[in-house]
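Working notes for the structure below.
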Amino acid sequence: MQITCMKIQAQVYAGRQEFDLEELKTSIRVIDKDVPRTDKELQYFRGDDNPNMLLLRDALITFAAFHPKVGYAQGMNDILSRLLLVLDSEVDSYWCFTRFIEEIQIEFIAEGMIKKLVLLKQLLKKLHPGLLDHITLCGVDDLAFCHRWLILGFKREFPYQEGLMLFEILSSHHMELNSLEAETQRRMQRRKHFELEGFYMGLEWLIVIYLWQVDWCALMMNLQN
(Lines give C-alpha, C1' and ligand atoms only; values in the text may rest on other atoms or scores of the structure.)
Protein backbone atom coordinates (compact mmCIF):
# COMPACT_ATOMS: atom_id res chain seq x y z
CA MET A 1 0.00 0.00 0.00
CA GLN A 2 2.80 2.40 0.92
CA ILE A 3 4.68 1.64 -2.32
CA THR A 4 1.47 2.18 -4.32
CA CYS A 5 0.97 5.59 -2.68
CA MET A 6 4.58 6.53 -3.40
CA LYS A 7 4.14 5.61 -7.06
CA ILE A 8 1.00 7.73 -7.28
CA GLN A 9 2.80 10.67 -5.66
CA ALA A 10 5.68 10.27 -8.13
CA GLN A 11 3.29 10.24 -11.07
CA VAL A 12 1.55 13.37 -9.83
CA TYR A 13 4.88 15.14 -9.34
CA ALA A 14 6.09 14.11 -12.80
CA GLY A 15 2.82 15.31 -14.32
CA ARG A 16 3.28 18.75 -12.80
CA GLN A 17 6.87 19.09 -13.97
CA GLU A 18 7.43 21.50 -16.85
CA PHE A 19 10.03 20.36 -19.36
CA ASP A 20 12.05 22.42 -21.82
CA LEU A 21 11.80 19.99 -24.71
CA GLU A 22 14.44 21.70 -26.83
CA GLU A 23 16.98 21.66 -24.03
CA LEU A 24 16.08 18.06 -23.25
CA LYS A 25 16.52 17.04 -26.89
CA THR A 26 19.98 18.63 -26.85
CA SER A 27 20.89 16.71 -23.71
CA ILE A 28 19.60 13.45 -25.18
CA ARG A 29 21.72 13.90 -28.31
CA VAL A 30 24.87 14.29 -26.19
CA ILE A 31 23.87 11.40 -23.91
CA ASP A 32 23.33 9.14 -26.94
CA LYS A 33 26.89 9.93 -28.04
CA ASP A 34 28.46 9.38 -24.62
CA VAL A 35 26.65 6.30 -23.31
CA PRO A 36 27.71 3.79 -26.02
CA ARG A 37 31.40 4.46 -25.28
CA THR A 38 31.12 4.37 -21.49
CA ASP A 39 33.25 1.67 -19.79
CA LYS A 40 32.98 -0.69 -22.76
CA GLU A 41 35.99 -2.63 -21.48
CA LEU A 42 33.99 -3.78 -18.43
CA GLN A 43 31.86 -6.91 -18.61
CA TYR A 44 28.98 -5.07 -16.95
CA PHE A 45 28.66 -2.71 -19.94
CA ARG A 46 30.12 -4.84 -22.72
CA GLY A 47 28.24 -6.01 -25.78
CA ASP A 48 25.63 -4.67 -28.15
CA ASP A 49 22.13 -4.13 -26.76
CA ASN A 50 23.46 -4.43 -23.20
CA PRO A 51 20.49 -3.70 -20.87
CA ASN A 52 22.78 -1.92 -18.42
CA MET A 53 23.56 0.64 -21.10
CA LEU A 54 19.84 1.32 -21.42
CA LEU A 55 19.59 1.80 -17.65
CA LEU A 56 22.49 4.23 -17.79
CA ARG A 57 20.89 6.17 -20.64
CA ASP A 58 17.45 6.30 -19.00
CA ALA A 59 18.85 7.52 -15.67
CA LEU A 60 20.88 10.29 -17.33
CA ILE A 61 17.89 11.46 -19.38
CA THR A 62 15.66 11.41 -16.29
CA PHE A 63 18.19 13.50 -14.38
CA ALA A 64 18.51 16.01 -17.23
CA ALA A 65 14.72 16.30 -17.52
CA PHE A 66 14.10 16.93 -13.83
CA HIS A 67 17.18 19.11 -13.27
CA PRO A 68 17.06 21.61 -16.18
CA LYS A 69 19.38 24.09 -14.45
CA VAL A 70 22.11 21.45 -14.46
CA GLY A 71 21.04 19.36 -17.43
CA TYR A 72 23.58 16.89 -18.73
CA ALA A 73 27.31 17.49 -19.04
CA GLN A 74 30.02 15.20 -20.31
CA GLY A 75 31.53 13.27 -17.43
CA MET A 76 28.22 12.58 -15.72
CA ASN A 77 28.02 9.26 -17.57
CA ASP A 78 31.34 8.20 -16.03
CA ILE A 79 30.13 9.07 -12.55
CA LEU A 80 26.78 7.32 -12.88
CA SER A 81 28.30 4.20 -14.48
CA ARG A 82 30.40 3.65 -11.34
CA LEU A 83 27.35 3.86 -9.11
CA LEU A 84 25.32 1.60 -11.38
CA LEU A 85 28.03 -1.05 -11.45
CA VAL A 86 28.50 -1.05 -7.66
CA LEU A 87 24.83 -0.84 -6.66
CA ASP A 88 23.44 -2.83 -9.60
CA SER A 89 20.16 -0.95 -9.22
CA GLU A 90 18.80 1.74 -11.50
CA VAL A 91 16.77 3.32 -8.70
CA ASP A 92 19.51 3.33 -6.05
CA SER A 93 22.19 4.51 -8.45
CA TYR A 94 19.94 7.28 -9.80
CA TRP A 95 19.22 8.73 -6.36
CA CYS A 96 22.85 8.45 -5.25
CA PHE A 97 23.90 10.14 -8.49
CA THR A 98 21.30 12.88 -8.05
CA ARG A 99 22.45 13.64 -4.52
CA PHE A 100 26.09 13.61 -5.57
CA ILE A 101 25.57 15.95 -8.53
CA GLU A 102 23.51 18.32 -6.39
CA GLU A 103 26.59 18.57 -4.17
CA ILE A 104 29.11 19.25 -6.95
CA GLN A 105 26.95 20.66 -9.76
CA ILE A 106 28.85 23.96 -9.88
CA GLU A 107 31.93 22.03 -11.01
CA PHE A 108 30.17 21.16 -14.27
CA ILE A 109 29.98 24.79 -15.33
CA ALA A 110 32.93 26.97 -16.34
CA GLU A 111 32.69 29.29 -13.34
CA GLY A 112 32.85 26.46 -10.83
CA MET A 113 35.73 24.64 -12.45
CA ILE A 114 37.77 27.84 -12.90
CA LYS A 115 37.25 28.63 -9.23
CA LYS A 116 38.46 25.17 -8.26
CA LEU A 117 41.52 25.40 -10.50
CA VAL A 118 42.39 28.79 -9.00
CA LEU A 119 42.08 27.25 -5.55
CA LEU A 120 44.22 24.31 -6.65
CA LYS A 121 46.90 26.73 -7.79
CA GLN A 122 46.82 28.53 -4.42
CA LEU A 123 47.13 25.25 -2.58
CA LEU A 124 49.98 24.07 -4.79
CA LYS A 125 51.78 27.34 -4.11
CA LYS A 126 51.60 26.61 -0.40
CA LEU A 127 52.08 22.83 -0.44
CA HIS A 128 54.31 22.25 -3.49
CA PRO A 129 55.86 25.57 -4.60
CA GLY A 130 58.67 23.89 -6.55
CA LEU A 131 56.21 21.88 -8.59
CA LEU A 132 54.13 24.99 -9.32
CA ASP A 133 57.28 26.81 -10.50
CA HIS A 134 58.01 23.94 -12.89
CA ILE A 135 54.43 23.97 -14.21
CA THR A 136 54.65 27.72 -14.75
CA LEU A 137 57.89 27.33 -16.71
CA CYS A 138 56.12 24.77 -18.91
CA GLY A 139 53.38 27.32 -19.64
CA VAL A 140 50.52 25.22 -18.27
CA ASP A 141 49.98 27.00 -14.98
CA ASP A 142 46.27 27.44 -15.76
CA LEU A 143 46.10 23.75 -14.69
CA ALA A 144 43.46 23.02 -17.32
CA PHE A 145 44.92 19.51 -17.65
CA CYS A 146 43.67 18.81 -14.11
CA HIS A 147 40.03 19.34 -15.14
CA ARG A 148 39.38 15.67 -15.94
CA TRP A 149 41.19 14.49 -12.82
CA LEU A 150 39.02 16.62 -10.57
CA ILE A 151 35.68 16.04 -12.28
CA LEU A 152 36.05 12.25 -12.63
CA GLY A 153 38.09 11.54 -9.53
CA PHE A 154 41.06 10.19 -11.55
CA LYS A 155 38.95 7.47 -13.16
CA ARG A 156 41.09 7.18 -16.30
CA GLU A 157 44.46 7.57 -14.58
CA PHE A 158 44.27 4.35 -12.52
CA PRO A 159 43.12 0.74 -13.03
CA TYR A 160 39.34 0.60 -12.64
CA GLN A 161 39.14 -0.94 -9.17
CA GLU A 162 41.82 1.37 -7.78
CA GLY A 163 40.08 4.36 -9.34
CA LEU A 164 36.82 3.20 -7.80
CA MET A 165 38.34 3.11 -4.33
CA LEU A 166 39.88 6.54 -4.86
CA PHE A 167 36.53 7.92 -6.02
CA GLU A 168 34.93 6.61 -2.83
CA ILE A 169 37.59 8.30 -0.71
CA LEU A 170 37.31 11.61 -2.56
CA SER A 171 33.52 11.51 -2.40
CA SER A 172 33.37 10.81 1.32
CA HIS A 173 34.01 14.49 2.14
CA HIS A 174 36.53 13.32 4.71
CA MET A 175 34.09 11.38 6.88
CA GLU A 176 36.98 10.52 9.18
CA LEU A 177 36.98 14.21 10.19
CA ASN A 178 33.31 14.23 11.14
CA SER A 179 33.64 12.67 14.57
CA LEU A 180 32.80 14.68 17.68
CA GLU A 181 36.42 14.52 18.78
CA ALA A 182 37.67 15.84 15.44
CA GLU A 183 35.11 18.64 15.44
CA THR A 184 36.15 19.63 18.97
CA GLN A 185 39.77 19.82 17.84
CA ARG A 186 38.85 21.95 14.84
CA ARG A 187 36.94 24.38 17.03
CA MET A 188 39.92 24.68 19.36
CA GLN A 189 42.23 25.38 16.41
CA ARG A 190 39.84 27.98 14.99
CA ARG A 191 39.56 29.69 18.36
CA LYS A 192 43.33 29.70 18.79
CA HIS A 193 43.88 31.08 15.29
CA PHE A 194 41.24 33.77 15.82
CA GLU A 195 42.92 34.88 19.06
CA LEU A 196 46.26 35.18 17.25
CA GLU A 197 45.21 36.54 13.88
CA GLY A 198 41.70 37.92 14.36
CA PHE A 199 40.25 35.65 11.62
CA TYR A 200 40.33 32.02 10.61
CA MET A 201 38.80 31.32 7.22
CA GLY A 202 42.07 31.49 5.32
CA LEU A 203 43.98 29.14 3.06
CA GLU A 204 44.60 26.67 5.86
CA TRP A 205 40.89 25.95 6.11
CA LEU A 206 40.66 25.43 2.35
CA ILE A 207 43.53 22.96 2.57
CA VAL A 208 41.48 20.91 5.04
CA ILE A 209 38.58 20.81 2.56
CA TYR A 210 40.52 19.97 -0.60
CA LEU A 211 43.70 18.30 0.71
CA TRP A 212 42.91 14.90 -0.80
CA GLN A 213 42.25 16.24 -4.29
CA VAL A 214 45.24 18.56 -4.26
CA ASP A 215 47.64 15.88 -3.07
CA TRP A 216 46.45 13.46 -5.71
CA CYS A 217 46.72 16.14 -8.40
CA ALA A 218 50.24 16.90 -7.21
CA LEU A 219 51.08 13.19 -7.23
CA MET A 220 49.80 12.80 -10.79
CA MET A 221 51.86 15.81 -11.91
CA ASN A 222 54.96 14.37 -10.26
CA LEU A 223 54.43 11.04 -12.01
CA GLN A 224 54.22 12.76 -15.36
CA ASN A 225 57.49 14.68 -14.83
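The values are calculated or read from the model by the stated rules, or taken from the named source; none is laboratory data. Not measured: the values here are computed from a predicted model. Neighbour counts run over all protein chains shown; Cβ positions are idealised from the backbone, glycine included. Just so you know, the surface numbers come from the protein's heavy atoms only, side chains and all, with ligands and any DNA or RNA stripped out. Shrake-Rupley method; radii C 1.70, N 1.55, O 1.52, S 1.80 Å.
Each label point is 7 Å from the Cα along the Cα-to-Cβ direction; what then is the distance between the points at Leu21 and Val118, in nm?
Here the answer is 4.1 nm between the modelled labels.
Grab the other residues whose beta carbon is less than 12 angstrom from that of Leu55, score K and R as +1, D and E as -1, and report the net. Can you show the working numbers first?
Numbers: positive: Arg57; negative: Asp58, Asp88, Glu90, Asp92.
Net charge in that neighbourhood comes out at -3.
Keeping every protein chain present and rolling a 1.4 Å probe, give me the accessible area per residue for region 42-164 in Å².
On the way: 6380 Å² over 123 residues.
Accessible area per residue: 52 Å².
Can you give the accessible area of Thr62, probe radius 1.4 Å, in Å² rounded to 10?
So the heavy atoms of Thr62 present about 50 Å² to solvent.
Please give the solvent-accessible surface of Leu119 in Å², to the nearest 10, using a probe radius of 1.4 Å with every protein chain present.
20 Å²
Quick check: net charge around Thr136, other residues with Cβ under 13 Å of its Cβ, Lys/Arg +1 and Asp/Glu -1?
Numbers: positive: Lys121, Lys125; negative: Asp133, Asp141, Asp142.
Charge balance in the 13 Å sphere: -1.
Classify region 70-125 as rounded, prolate or oblate, taking a ≥ b ≥ c as the square roots of the eigenvalues of its Cα gyration tensor: rounded when a/c is under 1.5, otherwise prolate if a/b is larger than b/c and oblate if not.
Numbers: a/c = 3.04, a/b = 2.24, b/c = 1.36.
Here region 70-125 falls in the prolate category.
Leaving ligands and nucleic acids out of the surface, order Met188, Met113 by accessible area at 1.4 Å, largest first.
Descending accessible area places them as Met188, Met113.
Got a number for carbon plus sulfur as a percent of region 41-98's accessible area, 1.4 Å probe?
Details: 1560 of 2830 Å².
Carbon plus sulfur share of accessible area: 55 percent.
How far, in nm, would the chain grow between Val91 and Ser172 when pulled straight, counting 0.36 nm per residue and subtracting the alpha carbon separation?
Between Val91 and Ser172, full extension yields 27.1 nm more.
Take the Cβ-Cβ distance between Tyr44 and Val140 as r, set R0 to 30 Å, and report the resulting FRET efficiency rounded to the nearest 0.05.
Working: r = 35 Å, r/R0 = 1.18.
Using R0 = 30 Å, I get an efficiency of 0.25.
Expected output is a single nm value to one decimal: the length gained when fully extending between Ala110 and His67, i.e. 0.36 nm times separation in residues minus the C-alpha distance. What is it? Walk me through the numbers on the way to the answer.
On the way: separation 43, 0.36 × 43 = 15.48 nm, distance 1.79 nm.
The Ala110-His67 span can extend by a further 13.7 nm.
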